[in-house]
Structure formats: C-alpha cells, structure tokens
1. With viscosity set to 0.692 mPa s and temperature to 37 °C, compute the Stokes-Einstein D of the chain, Rh being the Kirkwood radius across alpha carbon pairs; µm²/s, no decimals.
2. With loop defined by DSSP as not H, G, I, E or B, and exposure as at most 10 other Cβ atoms within 10 Å, which is the longest segment of the chain clear of exposed GluC sites (Glu not before Pro)?
3. Based on DSSP H runs of at least 4 residues, each adding -39500 (n - 2.57), what is the mean residue ellipticity at 222 nm of the chain after dividing by all its residues, to the nearest 500 deg cm²/dmol?
4. Cα convex hull of segment 18-79: mean projected area in nm², to one decimal?
5. Can you give me the accessible area per residue for the chain, using a 1.4 Å probe, in Å²?
6. Running a GNM on the chain with Cα contacts under 10 Å, which residue among 102, 119, 79 ends up with the highest mean-square fluctuation?
7. To the nearest 20 Debye, how big is the dipole of the chain about its Cα centre, given +1 on the beta carbon of each Lys and Arg and -1 on that of each Asp and Glu?
8. Taking one equal scatterer on every alpha-carbon of segment 79-139, how large is log10 of I(q)/I(0) by Debye at q = 0.15 1/Å?
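The values are calculated or read from the model by the stated rules, or taken from the named source; none is laboratory data. If you're wondering where the values come from, they're calculated on a predicted model, not measured in any experiment. Cβ placement follows ideal geometry from the backbone for every residue including glycine, while neighbour counts extend to all protein chains displayed. All accessible areas refer to the heavy atoms of the entire protein, side chains included, with ligands and DNA or RNA removed. Shrake-Rupley method; radii C 1.70, N 1.55, O 1.52, S 1.80 Å.
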Amino acid sequence: QTAQKPVGIKKPSGEIVTNHLAALGGEEKYVDFFAPIPEGAELLIMDSGDGPSTGYADALANAYDTAKSQGSLAGGPPTAGMIVYCGGMAIAVGDKLDEGLTSDAFASKVGDLPVLGMTCFGEQAYLEGQKENVQRNLS
C-alpha cells in the first residue's frame, strides 16, 4: 500500500516526487510504476506517519497556511476553498477524512469558509527548486 509507504525519487534540488506502484513481482522480479522512473534514479521509501489515521489534519492546516501566504491569497482572506486528495491518499484516509477536516488544527483556520473536496488521479505538481512540472502518481 504505497499510500502508507510512498515511494519517492529525490531530485537534484532535494525535492521529492512520489510515485505509486503499478505492479510488483513476477518471475522477473520487476517493479512497475504509474509514472516514469529515470534510469539510475534512487528510490526512497517514505512514511506517511499518522497522516491517514488523523485525516491528514496537520497537512491540511499547513497547506492552508502555505496557500494564504502565496499567490493571490496573500492579499486578503479567501472566500472559498478546494481540497484535492490524490486517489491513494483518499484510500489511505478512508473514513478518517472527517477527522482531518474537523480537527482543531484545520477547522480553527477555515472557520465557516465553504470548502469543496474531491479526489483525482494523474496529479501534476510544479517543483519550485527544479523549475519543472512533474507527473506525480497515477495516470
């Protein structure tokens, strides 16, 4: 379950691109991913910690702070929010999603702000240090 133990590739900038396994095993003892893995890349086995059991409460609170301090949110209070969970993260959280959204760490920041939630597959991310867009996880 790579949502609990994500596999990452460290970029020269130090940023990590996470990937989900597509297949593992066989007589050939292969590993296949949903995103390209450059030849010679070092794979890191990461740990989601208590994220799934808390609905990623700390991650949601930190993401809110980051969004408020960057871009157009730096100029004033948000009027609505959108949370996008990757498919693996949503599976890992399961019924604990509400715990993250209602945690003191997150709820105290958003108050009565309307928030739309969704899951997706085929996430893209911009790596500030690498100055590149990357495919993260499923496609």
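1. For these conditions, the coefficient is 198 µm²/s.
2. Between exposed loop sites, the widest span is 43-127.
3. -7000 deg cm²/dmol
4. In nm², the orientation-averaged hull projection of segment 18-79 is 7.2.
5. Value returned for the chain: 62 Å² of accessible area per residue.
6. Looking only at 102, 119, 79, the largest GNM fluctuation is found for 79.
7. 280
8. Debye intensities relative to I(0), on a log10 scale: -0.60.
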